[in-house]
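What follows is a set of notes on a single structure, which appears directly below.
The values are calculated or read from the model by the stated rules, or taken from the named source; none is laboratory data. Nothing here was measured: the structure is a model prediction, and the numbers come from that model. So basically every Cβ, Gly included, is an ideal-geometry build from the backbone, and we count neighbours across all protein chains shown. The protein model used for the area step is the full one, side chains on, heavy atoms only, and it has no ligands, DNA or RNA in it. Shrake-Rupley method; radii C 1.70, N 1.55, O 1.52, S 1.80 Å.
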Amino acid sequence: MVAAAATALILGWVPQQALAAEATVLTFNRWTPATHHFHARIMKPWADRVEEATQGRVKIQFTAASLGSPARQFDLARTGVVDIASSNQSYTAERFPLAGFAELPFLSSNAEALSVANWRATIALQKQVDEYQGTKLLTVFSNGPAMIFTRDKAVKTIADLDNLRVRASEGIPARIAQLLGAVPVSAPITEAYQMLSKGIIESIILPPDSIHSFKMDQYLKHMTTTPDGLFSSTFFVVMNEAKWNSLSEQDREAIMSVSGENFAREAGKVWDDQDKMALAAFKKGGMDAQVANEALAAEISKRLVVLEEEWLALAKAKGVDGAQLLKNVRDDIRNYRDPAGSTEGKQ
C-alpha cells in the first residue's frame with residue numbers, strides 16, 4: 001500500500017479520496033435563501049472560483065440555514081463559530097462608522113463602479129483605522145442606488161414624506177429617512193415583507209432589486225427616483241483571522257486573486273443586472289414611477305448634505321483625511337473602466 005502511494009506520487013497522480021482528505025473545508029454561513037441571488041449569483045460563484053484558484057485544496061461549504069441574524073454575521077466569523085460570513089454593514093453601523101463613506105447620498109447609479117471604488121478606499125482606510133479586527137477582510141462591495149418606494153401614495157413633494165413610516169437600517173439609511181421628515185423603523189430586510197403586509201411600515205428606501213427579490217412590490221406601488229440614488233448599501237465578506245492564518249501562503253494568495261477588487265467588481269455587476277430586471281418587472285406590473293422634480297430633488301439634496309459633513313468630522317476625529325478619501329472615491333467612479341472591455345466611465 002505504501003509502495004503504491006509512493007508510486008502514485010512519483011507519477012504525479014493522487015487518488016481522489018486522498019485529494020478530498022487533504023482539502024481544507026471552510027464553513028460559510030448562509031443567511032439568505034439559497035435561491036436568492038446574493039447567494040446563487042454572488043457567493044456561490046465566488047466559492048467555486050476559490051476552489052478553482054486553489055486547485056481544490058480549499059473548498060467552501062455553506063450552512064444549510066443561518067446560525068445567526070444578519071446583524072450577527074461579523075461576530076460569527078470573528079469568534080470562529082464559522083470560518084466565513086458576509087452581511088450588510090448598516091445592520092451594525094456602530095461597528096463600521098467609517099465604512100459609511102460608501103453609503104453617502106448621490107455617489108453613483110452604477111454598483112459595479114461604486115463597488116470597485118469602495119474596495120480601493122476601504123483598503124486605504126484600513127491601513128489607518130481597521131474596523132475589521134479579528135478577521136481577514138476578503139472584500140467589500142455595494143449594491144445599486146436606493147429609491148423611495150411607497151405603498152399608498154407617490155412622493156411628489158417633500159411634504160409627502162412627513163411622518164411616513166420607513167423601513168431603514170441603522171446608520172446612514174436611518175438618518176436619511178429622518179432628515180427627509182420620515183419616521184425610520186429599523187429591521188433586517190428579511191423582515192420587511194411581513195412588516196409591509198401588517199401595515200407596520202408604509203415605505204422603504206432601497207434599490208429596485210431589494211424590493212423585487214424580496215417580493216415587496218406586491219405592496220409597494222409607487223417609486224420616486226433621484227439622480228444616483230439616495231444611498232447604496234455596502235457589504236463585507238470576512239474570514240476568521242486565525243483560520244486565515246492557518247492557510248498556506250500559496251492558498252492565501254490564490255484566494256485573494258479571486259477576492260478583493262475582482263470579487264467586488266463581479267458582485268457589483270450582479271447588483272446592476274438585478275436592478276435592471278427589477279425595473280423591467282415594475283414596468284410590466286404597472287408600478288407608478290416618478291422622477292423627482294427639480295424642487296423635490298433640490299430639497300432632498302439640501303437636507304442630506306449634512307451627512308457628508310458629519311462623516312468628514314468623524315473621519316477627522318479618527319485622524320483620517322476624509323476629503324481626500326471621498327475625492328479618490330469619486331475619481332475612481334468617474335474614471336472607472338471594466339477590464340473586460342468597457343470603455344465608458346460609469347457614474
Problem set entry | lysines with Cα under 23 Å of Lys198, excluding same-chain neighbours fewer than 8 positions away | Lys153, Lys215, Lys221
For this session: Round to the nearest 0.05 the FRET efficiency obtained for Lys215 and Ser248 when R0 = 45 Å and r is the Cβ-Cβ distance.
Result: 0.55
Exercise. How much net charge surrounds Asp209 when only the other residues with a Cβ under 13 Å from the Cβ of Asp209 are counted, with Lys and Arg +1 and Asp and Glu -1?
Worked result: 0
Problem set entry | Ordering of 199-205, 28-34, 83-89 by burial proxy (mean other Cβ atoms within 10 Å per residue, highest first) | 83-89, 199-205, 28-34
Seminar exercise, completed: The simple spin-label model distance between Val305 and Asp331, using points 7 Å out along Cα→Cβ, in nm, is 2.4
Exercise. In Å, what is the Rg of the alpha-carbon atoms in region 9-144, and how long is Dmax?
Worked result: 17.3, 60
Seminar exercise, completed: Per DSSP, the loop-located trypsin sites (Lys or Arg not before Pro) within region 285-332 having at most 14 other beta carbons within 10 Å are Lys318
Problem set entry | Inter-label distance, nm, simple model (7 Å from Cα along the C-beta direction), Leu314/Gln55 | 4.5
For this session: Kyte-Doolittle cut-off -1.0, length cut-off 27 Å along the helix's own axis using Cα: show which whole DSSP H helices in the chain pass.
Result: 260-285, 294-317
For this session: Out of all DSSP beta bridges with both ends in the chain, state the antiparallel percent to the nearest 5.
Result: 55
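Is the shape of region 46-125 best called rounded, prolate or oblate, per the rule: a/c under 1.5 gives rounded, else a/b larger than b/c gives prolate, else oblate, with a ≥ b ≥ c the square roots of the Cα gyration tensor eigenvalues? Don't skip to the end; give the middle numbers.
Numbers: a/c = 2.27, a/b = 1.35, b/c = 1.68.
Because a/c hits 1.5 or more and a/b fails to exceed b/c, region 46-125 counts as oblate.
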Exercise. Relative contact order of the chain: what whole-number percent is it, with Cα pairs under 8 angstrom and at least 6 residues apart?
Worked result: 24
For this session: Note down the nm distance, to one decimal, between modelled labels 7 Å out along Cα→Cβ at Lys284 and at Glu94.
Result: 4.4
Seminar exercise, completed: Computed over the chain, the Cα gyration tensor eigenvalues, each multiplied by 5 and square-rooted, give semi-axes in Å (largest first) of 39, 22, 19
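If you build the convex hull over the alpha carbons only and average its shadow over all orientations, what do you get for region 119-216? Give it in nm² to one decimal. Provide the component values of the computation, followed by the final result.
Numbers: hull surface 30.9 nm².
Average of the hull's projected areas for region 119-216 equals 7.7 nm².
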For this session: Count the net charge of all other residues whose Cβ sits under 13 Å from the Cβ of Thr139, scoring Lys and Arg as +1 and Asp and Glu as -1.
Result: +2
Exercise. Of all accessible surface on the chain at a 1.4 Å probe, what whole percent is carbon and sulfur?
Worked result: 52
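How much length is gained on full extension from Ala159 to Gln324, taking 0.36 nm per residue of separation minus their Cα-Cα distance?
Net length gain for the segment: 55.9 nm.
Just to confirm a number: summing +1 for Lys and Arg and -1 for Asp and Glu over residues other than Asn88 whose beta-carbon lies under 15 angstrom from that of Asn88, what do you get?
-3
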Problem set entry | Residue-normalised accessible area of the chain, expressed per residue, 1.4 Å probe, Å² | 45
For this session: Note the full-extension length gain between Val25 and Asp152 as 0.36 nm times their separation in residues minus their Cα-Cα distance, in nm to one decimal.
Result: 40.8 nm
Exercise. Average projected area of the Cα convex hull of region 236-310, in nm²?
Worked result: 9.0
Problem set entry | From phi via Karplus (6.51, -1.76, 1.60), per-residue ³J(HN,Hα) for region 202-207 in Hz, x at Gly/Pro | 10, 7, 9, 10, 8, x
